[in-house]
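All of the numbers you see were taken from the coordinates with simple rules; none came from a lab. Remember, predicted model here, so these are calculated numbers, not experimental data. Positions of Cβ are generated from backbone atoms using ideal geometry, with glycine treated the same way; all protein chains shown enter the neighbour counts.
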Amino acid sequence: MPGSKDALQVKPFRAPVHAALVHLPLACFSVAAVLDLASWLVSGSDIQFQPAAFWSIAAGVVTALVAALFGFADFISIRQDHPARKQALWHMALNVAAVLIFAASLLLRRGQLDADRTPAAALAATLIGYGALMVSGYIGGHMVYNDGIGVGRHRRRTPLPDRTIERTGVAGEFVAVCRADEMQEGEIRRASIAGTVVALARTGDRFFAVQEFCTHRFGPLSEGCIRDGTVMCPWHRSCFDLKTGTVTDGPAKEALRTFEVEVKDGNVRIRVPVATG
């Protein structure tokens with residue numbers, strides 16, 4: 001349901017919650033790993049490492065499940081043909097595996113919390129789970145910093161593109177991209193017109209097409225927002241006039257390439273661009 005998805009993405013507050021929540025299970029699992037190792041390395045200590053590690057893992061599992069709800073809402077918003085979607089699947093799979101392994105660590109120490117040392121099997125599970133978590137965290141960071149997954153998307157009020165609309169045609173001719181009544185006010189779709197990727201936007205009863213990638217750091221404009229006749233890049237908030245492509249607010253310096261759009265027989269059509277360069 002769109003309402004549930006928007007709530008999990010905390011769109012009313014325009015803030016990415018998953019990125020904040022993951023710090024809680026990471027902290028809990030990190031503390032647990034240190035405590036489990038300490039139970040083996042610090043011999044003869046009166047400190048009860050095991051019970052503390054047990055409750056740290058339990059807290060980590062609970063908070064990880066909460067963070068996972070918000071993370072899954074972010075995952076299903078990734079465009080089907082996005083190159084990072086496969087990485088997102090690995091990120092999710094490793095997180096699920098890590099939580100299950102930590103849960104197994106809890107079960108393996110059940111009834112042995114009074115022991116001086118964490119049972120070897122439970123310690124091994126903790127370390128394996130922690131390793132899976134570190135790999136998953138690396139992949140998550142790569143998706144954000146290298147691919148821009150999730151960056152700025154929470155400011156978007158209309159649905160994100162779920163795919164790239166592929167169209168071919170002869171340069172100079174118009175090709176139908178979608179039905180005009182399919183697009184909401186303020187919505188932006190992503191289309192590839194004879195190999196040129198464009199962002200198709202609707203504002204009022206008018207439609208505009210500009211190049212997909214921001215001239216600043218190549219942010220995806222189809223994931224941006226429309227405000228007062230401009231499109232705002234989700235990454236660094238550069239704004240461009242939808243009609244002319246000119247920069248209305250930096251940090252971008254160069255204008256966007258624009259493409260001719262018409263509505264005919266209820267279809268939004270874009271003129272196939274002539275190859276440049």
Those Cys residues of the chain for which no other cysteine Cβ falls under 4.7 Å: 28, 178, 225, 239
Binned at 10 Å starting from 0, the alpha-carbon pair-distance distribution of region 2-153 in whole percents comes out as 11, 38, 27, 16, 7, 1
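If contacts are Cα pairs under 8 angstrom and at least 6 residues apart, what is the relative contact order of the chain in percent?
For the chain, the relative contact order is 15 percent.
Would you calculate a helix-derived [θ] at 222 nm for the chain, using -39,500 (n - 2.57) for each DSSP H run of n ≥ 4 and dividing by the full residue count, to the nearest 500? Before the final figure, lay out each step's value.
Working: 6 runs with 107 residues, N = 277.
Estimated from H runs of four or more residues: -13000 deg cm²/dmol.
With a cap of 15 neighbouring Cβ atoms within 10 Å, and only residues DSSP puts in a loop, list the trypsin sites (Lys or Arg not before Pro) found in region 218-248.
On the way: sites: 227, 237, 243; in loops: 237, 243.
When the trypsin sites (Lys or Arg not before Pro) of region 218-248 are filtered for loop state and at most 15 Cβ neighbours within 10 Å, 243 remain.
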With a cut-off of at most 13 other beta carbons within 10 Å, and DSSP calling the residue loop, which chymotrypsin sites (Phe, Trp or Tyr not before Pro) in region 174-231 qualify? Please list them. 218
Taking the chain as the reference, fit the longest principal axis to its C-alpha atoms, fit the long axis of helix 23-41 to the helix C-alpha atoms, and give the angle between the two in degrees, 0 to 90, nearest 10. 30
Bin width 10 Å, alpha-carbon pairs only: give the P(r) of the chain as whole percents, running from 0 to the bin holding the largest distance. 7, 25, 24, 17, 12, 9, 5, 1, 0
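Calculate the translational D of region 158-271 in whole µm² s⁻¹ from Stokes-Einstein, where the hydrodynamic radius comes from the Kirkwood formula applied to all Cα pairs, the temperature is 4 °C and the viscosity 1.567 mPa s. Kindly include the intermediate steps, with their values, before the conclusion.
On the way: Rh = 13.8 Å.
After rounding, the answer is 94 µm²/s.
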Ordering of 125-137, 255-267 by packing [mean C-beta count within 10 Å, highest first]: 125-137, 255-267
Please identify every one of the trypsin sites (Lys or Arg not before Pro) in region 187-217 that sits in a loop by DSSP and has no more than 16 other beta carbons within 10 Å of its own beta carbon. 217
In terms of modelled amide H atoms, which long-range or inter-chain residues lie less than 5 Å from the amide H of residue 249? 239
